[in-house]
Amino acid sequence: MSDSIRAVKISKRFGDVIALDDVSLTIDSGEIVAVLGENGSGKSTLAKIFYGIYTPDKGYIEISGKREVFSSPADAKRCGIVMVSQRPQLIDELTLLENVAVFLNKPVDKIYGDVNLLLKEFNVGIDAASPVYMLSYTEKQYVEMIKALLARPRLLIVDEATTYLPQPLKIKFFDLMKKIVMVNGSIIFITHKIPEALEFSSRIIVLRKGRVVGEFDGGVPLDELRKAMFGDTAAIQIARHIKKLSESELESTVLSINNVSVLDEYGKRAVEGVSLGIKQGEIVGVVGVAGNGQRELCEAIVGLRRIEKGQILFKGKDITYVSPNKRIAMGLCYIPEDPFRDGVFLNLTIAENLKIFSQRKIEKKALHNIINKLNITPAKPEIKLHKLSGGNVQKVALSRIFANIPRLIVAYNPTRMLDEYSSKLIISTLTRFASSGGSALLFLEDLDEALTMGDRIAVMVKGRIVGMYSSTAVDKSELEKVMTIYG
Ligand SMILES: Nc1ncnc2c1ncn2[C@@H]1O[C@H](COP(=O)(O)OP(=O)(O)O)[C@@H](O)[C@H]1O
Ligand SMILES: [Mg+2]
């Protein structure tokens, strides 16, 4: 079709890694095409070629029959291509509004109305005047989407950007995208989540190890997509492991949060009188719509945020004013929300990152062991992290579970960037950890995951825990109702 955008026989390699191998695809005007693939299958590399960040070794992009060479995103933008990626690309020091203005190259007062309209439409309660460095990962993604929507692109590439938005916002975003983009544009929707691909696209292209291995229409069975994505990788069974703990162990409280209040960056109370105990061998999931105090509570527990009122006990000791370092030494393992910002050193190798996590020398064998356990690819300790795909960077952040011997794991969306296979690996790692006597407090945006992993689930709304459920006695729709009831 003359009005289509095509990738033609594109290949791209990085050293001895072949990221894309002879990839061709066509997107017609008005179409939403999903590109589905496991972590490291080449999705982001393809997106970056469309957006002028990488140039292909072979092959080219064609727009309406015309061959284009992009040597920067500015070139791609001139042709109407905009990308929202899994990593927010914002200027931290500027406000939300200023970021949008810079991206659109328009004065602030010309876009003020439009930005506020979209903020209202999303109903996320962030102010256009907020400096971006104060926003959470999810909030930053809203800003990216606002940028993208207001640019009215001819091709919008969404690279894992919506994967972890709460479902109602995801639907809202897609509605808006359709309204704005589909007028005379199209969307490439990149994801590693099969249900998401099925829900939001009309055609699905599966990438595996840099190659197009299948093209499907919307009615394809889930299992067929899974097979195309992963080949015959044996399915990981997540068993609820039988806990081999004595009565007294099961009764012993590892973490006890007593009437804790925490302020946010503006001095506003973000956590209000939260009390919560976690027993040995127990996993507690904290769920809620993003921005209801989860981040502040999490940071307070690990020692990155001052507590305004209340007390935290870990293994019976008062740690309210104990430094993060000491907490780690006591057996608290923290896996932050955004591995790129807080979790790893991108300019160091896998081996170097692990050495820092463990603060001791790690034998070669142990290193390979950890890499294998988490299925980190490429499985090379000497590779620098900025060369890994997003999912694999997250796995390196998660490897701190193995770098020490934790008693309590506090994690924020630990599977955010992982494909189904890798997520299951992590979930089974965490449940096994709990079965052998470890405890975990997991802040989760994915309710299915919370229900799979958590023994109990706490719902946070406006800084308070408004409900506490046994995971066997509650379902997803009930949790969703409680999460939004006071909204
Ligand atoms: N800048 C780079 N340098 C070296 N290797 C890279 C670089 N970018 C991506 N790769 C490699 O290319 C492969 C595909 O990565 P990517 O496109 O990010 O995967 P996906 O987005 O599907 O998870 C991975 O093996 C990754 O390690
Ligand atoms: Mg990617």
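Just check region 250-345 against the gyration tensor rule for me: Cα atoms, a ≥ b ≥ c as the square roots of the eigenvalues, rounded for a/c under 1.5, and otherwise prolate or oblate depending on whether a/b exceeds b/c.
Working: a/c = 1.39, a/b = 1.16, b/c = 1.19.
Judged from the Cα gyration tensor, region 250-345 comes out rounded (a/c under 1.5).
Considering every alpha-carbon pair of region 5-230, the percent of pairs per 5 Å bin, from zero through the bin containing the longest distance, is 1, 7, 15, 18, 20, 16, 12, 7, 3, 0, 0.
Ligands, DNA and RNA left out, the accessible area of region 5-230 computed with a 1.4 Å probe is 50% carbon and sulfur. In a DSSP loop and with at most 16 other Cβ atoms within 10 Å, the chymotrypsin sites (Phe, Trp or Tyr not before Pro) in region 391-487 are Y486. Packing-based ranking of 90-98, 182-190, 106-114 yields 182-190, 90-98, 106-114, ordered from highest to lowest mean Cβ neighbour count within 10 Å.
Coupling constants for region 434-447 follow from the phi torsions by the Karplus curve (6.51 cos²θ - 1.76 cosθ + 1.60, θ = phi - 60°), and in residue order they are 5, 4, 8, x, x, 10, 9, 10, 10, 8, 10, 9, 8, 5 Hz; glycine and proline get x. Coupling constants for region 102-108 follow from the phi torsions by the Karplus curve (6.51 cos²θ - 1.76 cosθ + 1.60, θ = phi - 60°), and in residue order they are 4, 5, 8, 6, 10, x, 3 Hz; glycine and proline get x. On a per residue basis, region 5-230 carries 42 Å² of accessible surface, using protein heavy atoms and a 1.4 Å probe. Within the chain, antiparallel bridges make up roughly 55 percent of the DSSP beta bridges whose residues both belong there. Only Cα pairs under 8 Å and 6+ residues apart enter the sum, and on that basis the relative contact order of region 5-230 stands at 29 percent. Dipole check for the chain: with +1 at the C-beta of Lys and Arg, -1 at the C-beta of Asp and Glu, and the Cα centre as origin, the magnitude is about 1180 Debye. In the context of the full set of protein chains, region 340-404 has a per residue accessible area of 49 Å² (1.4 Å probe). Per-atom-type breakdown for region 340-404 gives carbon and sulfur 52% of the accessible area (1.4 Å probe, protein chains only). Mean residue ellipticity, 222 nm, helices only, the chain: the sum of -39500 (n - 2.57) across DSSP H runs of n ≥ 4, divided by residue count and rounded to 500, is -10000 deg cm²/dmol.
Rolling a 1.4 Å probe over the protein chains gives K355 an accessible area of about 90 Å².
In straight-distance terms, cross-link reach from K43 covers every one of the aspartates and glutamates whose alpha-carbon lies under 14 Å from its own, apart from those fewer than eight places away in the same chain; here that gives D21, D22, D159, E160, D419. In this structure, the amide hydrogen of G40, modeled 1.01 Å from its nitrogen in the peptide plane, lies closer than 5 angstrom to those of G391, counting only residues at least 5 positions away or on a different chain. Based on the reciprocal of the average 1/r between different C-alpha atoms, the Kirkwood radius for the chain equals 23.5 Å.
Evaluating 6.51 cos²θ - 1.76 cosθ + 1.60 at θ = phi - 60° for every residue in region 452-464, the Karplus couplings come out as 6, 8, x, 7, 10, 10, 9, 9, 9, 9, 6, x, 10 Hz, glycine and proline recorded as x.
Pairs K268/K481; K12/K387; K279/K309: which are spaced more than 21 Å apart, C-alpha to C-alpha?
K268/K481; K279/K309
The values are calculated or read from the model by the stated rules, or taken from the named source; none is laboratory data. In this text the structure is predicted, and so the values were computed from the model without any measurement. Neighbour counts are summed over all protein chains in view; Cβ atoms, including those assigned to glycine, are modelled from backbone coordinates with ideal geometry. Just the protein is used for accessible areas: all its heavy atoms, side chains included, with ligands, DNA and RNA removed. Shrake-Rupley method; radii C 1.70, N 1.55, O 1.52, S 1.80 Å.
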